[in-house]
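J.: My structure is below; once you've seen it, I'll send some questions.
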Amino acid sequence: MKTILETKDLTIAFGGHYAVNNVSVEIPKNQFTSVIGPNGAGKTTFFNLISGQLAPTKGRVYFKGQNITKKSSTQRTRLGIGRSFQITNVFPNVTVLENVRLAIQSKEKVRFQMFRHFKHYEKFEADSKKLLRLVLLEDKMNTIAANLSHGEKRKLEIAMLLALDTEVLLLDEPTAGMSLEEVPAILEVIEKIKNQGNRTIVLIEHKMDLVLELSDQLMVLYNGELLAKGSPEEIMANETVQSAYIGGSTNEQDAAEVGSS
């Protein structure tokens, strides 16, 4: 299976503390990989390293065989690595449709020009509507983004990442902060993207039912190190993983979720 994203000995230390320590992993192209582990395991820091928000103390990051370790987060986005955050990141004062269209125009390096005929932007608008249909926001296209619910903003953020032609989607706890009623819709969106089969998804998520249902493989981080990697069935049967969660978790919900899975 072809590798699209790879880390070799990826490490970052803050003072004497190693938040991520010698993590070497291969992410298969067009597969769904979930990164799990107790709170403080280094999951978000690992995302920050592969997306370019942080520079490693040592180690390397490769995208499609290219060493991108020294590239900025913006440069990595242009290459095809898109990152969502635990806090939504949309343009609040324009419509949902305009948010996505601006992302497409950014990718195409086309700036808005006041006196250019509106038909010049028709293709961008049509492509934006397709993406909004994919993320179940077509009926909200004329809504100002600030007026969306938290879950709807999450879906819009994913549409904007897709608008940038990202090949790798790094989703950091996409259901965080959502009401129970909103969670099924975001899961449907993620599953629809997965089923298209043309993007690599890497997910951080605490909801184990989501992880087990959608993932092709799981990575388990513990104290900044890669504890295990394998299929959901292999990981859930791994006694070392069970011990790490139940014995080492600082979050009782983490332990209960894994223990009951």
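Only the coordinates and a few stated rules stand behind these numbers; no lab work does. Model, not experiment: these values are computed from the prediction. Virtual Cβ from ideal backbone geometry, glycine too; neighbours counted across all protein chains shown.
J.: Of all DSSP beta bridges located in the chain, what percent are antiparallel, nearest 5? Each step should come with its number before you reach the end.
T.: Numbers: 21 of 37 bridges.
Roughly 55 percent of the DSSP beta bridges within the chain come out antiparallel.
J.: Within the set Lys8/Lys71; Lys2/Lys194; Lys2/Lys192; Lys2/Lys229; Lys70/Lys194; Lys71/Lys192, which residue pairs have Cα atoms separated by over 20 Å?
T.: Too far apart for the 20 Å limit: Lys2/Lys192; Lys70/Lys194; Lys71/Lys192.
J.: While we're on this one: Within segment 23-110, which trypsin sites (Lys or Arg not before Pro) sit in a loop by DSSP and count at most 12 neighbouring Cβ atoms inside 10 Å?
T.: Sparse-neighbourhood loop trypsin sites (Lys or Arg not before Pro): Lys70, Lys109.
J.: What is the Cα convex hull volume of the chain when expressed per residue in Å³? Walk me through the numbers on the way to the answer.
T.: On the way: hull volume 35.0 nm³, N = 261.
Residue-normalised Cα hull volume stands at 134 Å³.
J.: At what distance in nm do the modelled label points of Asp216 and Asn195 sit from each other, each positioned 7 Å from its Cα along Cα→Cβ?
T.: Once both label points are built, they end up 1.7 nm from each other.
J.: Among the aspartates and glutamates, select those whose C-alpha is under 19 Å from the C-alpha of Lys64, and discard any that sit fewer than 8 residues away in the same chain.
T.: Result set, ordered by chain and number: Glu6, Asp9, Glu26, Asp165, Glu167.
J.: At a 10 angstrom cut-off on C-beta neighbours, averaged per residue, how do the peptides 44-50, 123-129 rank from highest to lowest?
T.: 44-50, 123-129
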